[in-house]
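To start, the structure itself, in structure tokens.
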Amino acid sequence: RKEVEQDPGPFNVPEGATVAFNCTYSNSASQSFFWYRQDCRKEPKLLMSVYSSGNEDGRFTAQLNRASQYISLLIRDSKLSDSATYLCVVNPDNAGNMLTFGGGTRLMVKP
Amino acid sequence: NAGVMQNPRHLVRRRGQEARLRCSPMKGHSHVYWYRQLPEEGLKFMVYLQKENIIDESGMPKERFSAEFPKEGPSILRIQQVVRGDSAAYFCASSRNRAIPSFGPGTRLTVL
């Protein structure tokens with residue numbers, strides 16, 4: 001079983017749509033959680049951290065369910081510029097920042 | 001404020017040659033991480049270094065790969081006797097203490 005699992009997609013959605021990505025992780029002792037965005041042939045960039053209480057940043061909402069070991073990302077009112085691969089990332093412990101990445105979910109927003 | 005810098009951005013090597021990838025962390029960052037991304041896959045942790053010390057190398061292949069972060073100069077990821085399976089994007093990240101790391105633009109290694 002992979003440590004962080006994501007549906008690879010692609011998710012093809014029209015502009016303005018709402019789209020949700022999910023991710024599960026296997027290490028129940030994991031301490032911190034993130035969503036990163038990676039554009040084609042570029043480095044991953046932090047989109048947002050994920051907290052148990054849920055957090056929102058503009059059109060993006062992230063949620064963590066520790067009991068189910070499940071992380072989600074909701075994107076509202078999709079823009080063409082949201083087209084990218086979204087990486088679910090887990091920090092297994094706080095001894096360092098050796099992040100564990102999921103394989104990514106590809107999103108394509110079409111006009 | 002320069003971000004994490006990596007060079008070269010693209011590197012082509014023939015099988016059996018050596019590849020040296022360099023990473024200059026952000027100013028003030030003393031923690032460096034190397035990740036590898038194979039085609040169509042997610043990033044995989046390789047090694048975590050602080051100045052002059054390897055803290056965790058649990059993701060490094062046992063042979064041919066080595067990393068260093070000297071007191072002066074960039075961190076180096078060295079791959080000896082490269083094989084086609086080493087073709088990948090290699091990303092370096094740096095952080096200050098336990099802050100969320102920032103990633104460099106990566107080095108794309110192609111082995112012919």
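Couple of notes before you dig in:
- Residue in the stretch B:53-68 that is modelled with pLDDT of 95 or more and touching a Ser or Thr at 6+ places or on another chain (Cβ under 6 Å) present: no
- Looking only at the stretch A:15-38, and only at residues there that are hydrophobic (A, V, I, L, M, F, W, C) and surrounded by 14 or more Cβ atoms within 10 Å (Cβ to Cβ), the one that is farthest from A:Tyr70 (Cα to Cα): A:Ala17
- The stretch B:41-59: number of residues that are more than 9 Å from every other protein chain (Cβ to nearest Cβ) and not in a strand (DSSP E or B): 3
- Which listed residue is within 11 Å of another protein chain (Cβ to nearest Cβ), over 14 Å from the mean Cα position of the chain (by Cα) and free of Cβ contacts under 8 Å to residues at least 60 places away in the same chain, from A:Arg66, A:Arg1, A:Arg41: A:Arg41
- Test: residue in the stretch A:35-42 that is assigned to a strand (DSSP E or B) and more than 25 Å from B:Gly3 (Cβ to Cβ): no
- Evaluation of B:Ser94 against the conditions (1) within 12 Å of chain A (Cβ to nearest Cβ); (2) closer than 16 Å to B:Arg9 by Cβ; (3) of a type in the set (S, T, N, Q) shows that the sole unmet condition is (2).
Matching residues to (1) of a type in the set (Gly, Ala, Ser); (2) part of a strand (DSSP E or B):
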{"residue": "B:Leu21", "(1), (2)": "no, yes"}
{"residue": "B:Gly28", "(1), (2)": "yes, no"}
{"residue": "B:Pro39", "(1), (2)": "no, no"}
{"residue": "B:Ala89", "(1), (2)": "yes, yes"}
{"residue": "B:Ala99", "(1), (2)": "yes, no"}
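- Candidates A:Ser72, A:Ser52, A:Ser68, A:Ser83, filtered to the one that is loosely packed, with under 15 Cβ neighbours inside 10 Å and under 17 Å from A:Asp7 (Cβ atoms): A:Ser68
- Per-region count, the stretch B:103-112, residues part of a strand (DSSP E or B), crowded, with 19+ Cβ neighbours inside 10 Å and facing chain A (nearest Cβ under 8 Å): 1
- Given (1) crowded, with 21+ Cβ neighbours inside 10 Å; (2) touching a residue at least 12 places away in the same chain (Cβ under 8 Å), number of the condition B:Gly42 does not satisfy: (2)
- Residue tally, condition within 14 Å of chain B (Cβ to nearest Cβ), within 21 Å of A:Ala17 (Cβ to Cβ), of a type in the set (S, T, N, Q) and out of contact with any Asp or Glu (no Cβ under 6 Å at 6 or more places or on another chain), over the stretch A:72-111: 1
- Within the stretch B:37-63, the set of residues being within 18 Å of B:Ser94 (Cα to Cα) and of a type in the set (D, E, K, R) comprises B:Lys44, B:Lys51, B:Glu52, B:Asp56, B:Glu57.
- Test: residue in the stretch B:65-75 that is part of a strand (DSSP E or B), farther than 26 Å from A:Cys40 by Cα and among the hydroxyl-bearing types (Ser, Thr, Tyr): yes
- Boolean, A:Leu47 is more than 30 Å from B:Tyr48 (Cα to Cα) and not in a loop (DSSP other than H, G, I, E, B): no
The values are calculated or read from the model by the stated rules, or taken from the named source; none is laboratory data. All values derive from a computational prediction rather than experimental measurement. Don't worry about glycine lacking a Cβ; one is built from the backbone with ideal geometry, like all the others, and counts go over all protein chains shown.
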